[in-house]
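The values are calculated or read from the model by the stated rules, or taken from the named source; none is laboratory data. Note that the structure is a prediction, hence the values are computed from the model and not measured. Counting neighbours? That spans all protein chains shown, and the Cβs are built from the backbone with ideal geometry, glycine included.
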Amino acid sequence: MKALKHLIVLFFLSFLGIQLSAQNSQTVKGTVLDKQSEQALVGVTIELLNLTPAKGAVTDLDGKFVLEEVPLGRQAFHISYLGYNSITVPNVLVSAGKEVVLDLSLEEAVVKMDEVVISAAVNKDKANNDMASVSARSFNVEEVNRFSGGRNDVARLAGSFAGVAAANDSRNDIVIRGNSPTGLLWRLEGIPIPNPNHFSTLGTTGGPVSAINPNLLRSSDFFTSAFPAEYGNAMSGVFDLGFRSGNTDKAEYTFQLAAFSGLEAMAEGPLSKKHNSSYVASFRNSFVQLADVVGIPVGTAAIPNYRDVSFKFDFANSKLGKFSIFGIGASSNIDFLGKDLDEDDLFAESDKDSYVKSRLGILGLRHNIVLGKNAYVRTVASWSTSGNLYNEYELPSAENPERRHITDVNDRTDTWSLSSYYNQKFNARFTLRAGILGQVYDVDTRVLDREDTPNWNTIRDFDGNIGLWQAFAQGLYKLSEKLTLNVGLHSQLLDINNTSAVEPRAALSWQLSPSRTLTIGYGLHNQMQPLPVFFFREEVSPGVFEPSNQELDFTRANHFVLAYDQKIGTDWRVKAETYFQTLDKVPVEMESSSFSLLNAGADFVFPEASFLVNEGTGRNYGVEITVEKFFSKGYYTLVTGSLFDSKYKGSDGIERNTAFNNGYILNVLAGKEFRFGKGGKNAFTFDTKFTTAGGRNFTPINLEVSRAVGEEVLYEDRAFSERYEPYLRWDVKFGYRVNSKKKNLSQQFFMDFQNVTGKQNIFSRRFNTRTNDINDVYQSGFFPDIMYRVQF
């Protein structure tokens with residue numbers, strides 16, 4: 001730790017050593033499109049506010065604009081166009097090291113006037129997807145970097161939003177409104193992608209460290225219920241991410257060091273200035289791995305090694321349309337050696353050696369072509385691969401004097417995907433979008449186990465293809481300036497067992513006044529079972545093992561949502577949502593038991609269960625409130641609270657708490673900038689986050705039987721009947737942002753003190769074979785995260 005402290009001090013001193021009489025301006029540029037048709041708008045006026053004399057620009061034939069010599073610091077811009085609702089974009093951070101690119105869209109006014117008088121700020125409570133009306137919001141890269149405790153992870157950012165539980169320091173699984181994290185859909189550039197996390201496993205959607213680099217993200221969307229018809233095969237929520245384009249005019253570079261996301265180098269610039277094409281690419285490597293190599297103690301014997309690369313290439317618009325190529329490559333590995341582990345290690349046991357490897361690859365081609373004045377077709381083709389290897393060895397003991405190989409996992413899934421949709425804006429009132437999505441999963445999975453037997457048992461063994469086919473149609477119709485209707489239909493077919501589903505979606509939004517909106521939404525959502533479930537094998541006759549779950553249907557959920565949103569002044573808003581979800585066709589065991597797949601994701605190990613039937617049920621209901629002050633006047637505030645109840649029934653017909661029924665969640669976030677330097681172009685920053693939530697439910701351990709058999713045995717008839725103590729964590733973050741002298745260079749440094757109270761939040765309760773007793777395992781204690789970034 002001493003060497004690590006020295007490293008932090010060196011970063012901070014070199015940072016302070018920069019002369020503060022920095023260059024005073026930067027270029028701001030971007031594109032303005034019609035929100036519904038995505039057509040370029042010509043002649044839009046962009047005005048830089050609060051500047052004398054006034055400065056502005058007008059979009060060209062491609063909808064592009066350039067504003068040069070914009071003062072450094074936070075700036076605001078007003079965008080107006082005849083016949084469209086004008087908007088104000090506040091608090092755009094302009095720095096010396098990187099040009100600012102704004103991708104903007106305007107909404108055509110339903111009632112035509114000689115001049116537009118409606119003006120509103122860009123609201124982050126609204127999704128980028130104009131077909132979304134309820135339980136949705138957008139976020140940007142600055143929020144990911146700004147919030148305390150976020151670890152540069154978009155999934156952990158979502159944990160600050162209403163209805164999302166993130167009471168887990170070790171993983172970033174997204175638990176939405178009491179649903180299993182396996183109900184989440186990840187999308188990138190409009191196409192579904194595998195679990196985008198290092199150390200991911202088949203069937204899960206989260207992990208310890210994200211493989212998504214937030215520095216490449218553009219403004220993206222997050223949905224928690226009743227999402228639009230274009231999103232399918234998801235039950236709880238959708239993370240719809242997009243990569244930004246690189247700078248089309250000049251080369252720019254970013255170098256960054258962070259404790260969790262690692263050491264990063266990123267470059268962007270034009271492929272051809274003449275043809276308006278660009279690239280952006282980054283590489284990251286685990287910081288703790290590098291620290292261990294140079295001899296800096298990192299506080300753990302099991303060193304996590306991970307690295308990832310992300311990129312996007314945009315090519316010039318032509319008669320054939322606009323093409324872009326994007327991708328992610330990631331690998332990770334870690335060894336847990338029993339002799340080096342503590343009894344309370346979160347991820348492994350001290351009487352075993354475990355070896356973990358995982359990989360992720362995504363490669364996509366996106367094509368956009370304009371058809372006529374108000375229509376376009378967007379097509380995305382992609383290939384992805386994900387896989388993991390896990391080998392576990394039992395250490396020598398009095399009963400078994402030899403080191404035994406007891407678990408062998410080898411999973412690989414290659415997915416070929418094709419998505420295409422047609423979007424037509426008929427007029428200011430009506431927009432229609434319809435499309436298809438096809439996915440073919442090439443799965444090769446094998447799991448062997450012999451922990452309790454001398455011979456290997458085959459838990460999974462499958463090598464073949466599965467196809468999932470989806471289609472949708474949805475429309476947005478503005479009944480008036482105050483009433484907007486979103487309605488759609490989604491369908492899907494799974495070819496492994498020819499199961500199908502048809503899902504209506506609808507939302508009606510009523511603007512009661514310029515500052516108040518009431519929205520009601522409904523969605524029927526179906527999701528195929530996680531891939532491992534289909535391939536669990538069971539002995540159907542002596543010596544004959546076959547998959548017993550391949551006939552499972554989709555799990556089905558009905559979402560009902562009522563939302564009220566009120567703006568309080570220019571920068572404040574209050575939003576309340578109440579929801580009710582019914583779930584049925586949930587896989588449960590054929591014989592009477594408490595098992596339900598609604599609890600999948602509560603542990604690192606995916607549940608192994610055979611002979612499942614779609615006869616389980618569940619229900620979730622609750623109320624959420626958000627009080628938010630968007631960043632303005634140098635500070636922001638976000639308070640989110642949720643009260644909810646989450647229940648399920650297994651095949652025994654008894655209603656129980658789900659594993660994710662925390663009962664309540666409270667997040668309080670705030671941040672302040674203290675600007676200095678000419679024009680306020682430099683700043684000290686302070687951010688803090690306080691989180692508390694009800695404890696997770698768990699199944700008690702039968703200590704007497706566990707001691708008798710020498711391994712953990714649970715009271716399955718009392719599933720999730722007990723609850724851990726409430727979760728509590730307080731994070732505090734201090735930062736410093738500065739622009740260098742006479743150079744296009746900016747730097748940022750922060751220290752994020754996570755869990756400053758040192759609260760011991762319980763992670764799990766386990767039977768310890770060494771102590772022959774039940775021990776509590778705790779989550780991360782106090783941890784100082786660091787980040788240093790330089791851009792030029």
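Assorted remarks:
- Criterion: surrounded by fewer than 17 Cβ atoms within 10 Å (Cβ to Cβ) and part of a strand (DSSP E or B) - qualifying residue of THR413, THR445, THR385, THR407: THR385
- Count - residues of region 717-740 that are of a type in the set (Phe, Trp, Tyr) and assigned to a strand (DSSP E or B): 4
- Per the listing THR685, THR640, THR699, the residue uniquely among the hydroxyl-bearing types (Ser, Thr, Tyr), within 22 Å of the chain's Cα centre (by Cα) and modelled with pLDDT of 95 or more is THR640.
- Residues in region 213-225 that are of a type in the set (Gly, Ala, Ser) and either at pLDDT 95 or above or part of a strand (DSSP E or B) (or both): SER220 only.
- Among the candidates GLU503, GLU481, GLU451, residue that is within 22 Å of ARG404 (Cα to Cα) and in the same structural domain as PRO542 (by TED's automatic domain parsing): GLU451
- For ARG187, the conditions (1) charged (D, E, K, R); (2) outside any strand (DSSP E or B); (3) at pLDDT 90 or above are fulfilled apart from (2).
For every residue, the table says whether it meets (1) touching a strand residue (DSSP E or B) at 6+ places or on another chain (Cβ under 9 Å); (2) charged (D, E, K, R); (3) modelled with pLDDT under 90.
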| residue | (1), (2), (3) |
| --- | --- |
| ALA57 | yes, no, no |
| GLY73 | yes, no, yes |
| ILE87 | yes, no, no |
| VAL92 | yes, no, no |
| ASP103 | yes, yes, no |
| VAL116 | yes, no, yes |
| VAL122 | yes, no, yes |
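- Residue check, ASP553 farther than 30 Å from ASP414 by Cβ and acidic (Asp, Glu): no
- Region 567-618, residues that are among the small types (Gly, Ala, Ser) and not in a loop (DSSP other than H, G, I, E, B): ALA576, GLY616, GLY618
- Pair list, Cβ < 6 Å and 6+ apart or interchain, from region 241-262 residues that are under 20 Å from ALA158 (Cα atoms) to residues that are at pLDDT 95 or above and of a type in the set (Phe, Trp, Tyr): PHE243/PHE326
- When GLN529, GLN474, GLN550 are checked against the criterion of being touching a Phe, Trp or Tyr at 6+ places or on another chain (Cβ under 7 Å) and not hydrophobic (A, V, I, L, M, F, W, C), a single residue qualifies: GLN550.
- Scanning region 228-267 for residues that are under 21 Å from the mean Cα position of the chain (by Cα) and acidic (Asp, Glu), we see that the one that is nearest to GLY178 (Cα to Cα) is ASP240.
- Comparison of LEU418, LEU371 shows that the only residue that is of a type in the set (A, V, I, L, M, F, W, C) and touching a Gly at 6+ places or on another chain (Cβ under 7 Å) is LEU418.
- In region 268-289, of all residues being of a type in the set (Lys, Arg) and surrounded by fewer than 17 Cβ atoms within 10 Å (Cβ to Cβ), the one that is farthest from ARG244 (Cα to Cα) corresponds to LYS274.
- If the condition is being buried (at least 17 other Cβ atoms within 10 Å of the Cβ), under 26 Å from THR484 (Cβ atoms) and within 29 Å of the chain's Cα centre (by Cα), then region 416-430 contributes SER419, TYR421, ASN423.
- Leading residue by the ranking (nearest to ASN85 (Cα to Cα)) among those in region 46-60 that are surrounded by fewer than 17 Cβ atoms within 10 Å (Cβ to Cβ) and of a type in the set (Val, Ile, Thr): VAL58
- Only a single item in (1) outside the structural domain of VAL561 (by TED's automatic domain parsing); (2) at pLDDT 90 or above; (3) touching a helix residue (DSSP H, G or I) at 6+ places or on another chain (Cβ under 8 Å) is not met by PHE139, and it is number (2).
- Answer residue from region 61-92, given it is small (Gly, Ala, Ser) and buried (at least 19 other Cβ atoms within 10 Å of the Cβ) and is nearest to the chain's Cα centre (by Cα) among those: GLY73
- Residue ranges of strands (runs of 3 or more DSSP E) in region 474-566 with at least 3 members modelled with pLDDT under 95: 537-541, 544-547
- Figure legend. Inter-residue proximity from region 524-541: first residues free of Cβ contacts under 8 Å to residues at least 40 places away in the same chain, second residues surrounded by fewer than 18 Cβ atoms within 10 Å (Cβ to Cβ) and assigned to a strand (DSSP E or B), beta-carbon distance below 6 Å, spacing 6+ or different chains. Indicated pairs: LEU524/PRO504; LEU524/ASN558; GLU539/PHE545; VAL540/GLU546.
- Residues within region 354-391 that are of a type in the set (D, E, K, R) and in contact with an Asp or Glu (Cβ under 7 Å, 6 or more places away or on another chain), tallied: 1
- Within region 165-178, being buried (at least 24 other Cβ atoms within 10 Å of the Cβ) and either outside any loop (DSSP other than H, G, I, E, B) or modelled with pLDDT under 90 (or both) holds for ALA165, ALA166, VAL175, ILE176.
- Enumeration of residues in region 316-339 that are of a type in the set (Phe, Trp, Tyr) and modelled with pLDDT of 95 or more: PHE323, PHE326
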